[in-house]
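Take a look at the structure below.
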Amino acid sequence: LLHPATYVNKLLVTSRQGTMQLWNIKANKLLHEFFTNDTKSNSITTIAQSTVVDVVAIGYNDGQIRLHNLRYDETLVTFT
């Protein structure tokens, strides 16, 4: 779970399937599902807020780290 900076009433929820979901917790509504993983065998193990607004770091069980832009739903860089 992560509460992204500047995202009021929003939470990012990650899964073992490598997806992230952005939820409005006040309305209990799914706003967007991110598909940040190109292999279904790769689980998200950690997530952290970047100092840049709309960007989070996602860690995977194979050691990869990806910087992902939430606003544009795109991976900016992948570290292996």
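Structure notes:
- Residue in region 20-37 that is modelled with pLDDT of 95 or more, under 16 Å from R71 (Cβ atoms) and among the hydroxyl-bearing types (S, T, Y) present: no
- Taken over region 37-80, the criterion of being part of a loop (DSSP other than H, G, I, E, B) and either under 18 Å from H3 (Cβ atoms) or in contact (Cβ under 8 Å) with a residue 40 or more places away in the chain (or both) is satisfied by S50, T51, V52, V53, D54, L70, R71, D73.
- Members of region 11-36 found to be in a strand (DSSP E or B) and over 12 Å from the mean Cα position of the chain (by Cα), listed by number: N24, K29, L30, L31
The values are calculated or read from the model by the stated rules, or taken from the named source; none is laboratory data. This is a predicted model, so every value here is computed, not measured. All Cβ positions, glycine included, derive from the backbone under ideal geometry; neighbour counts span all protein chains shown.
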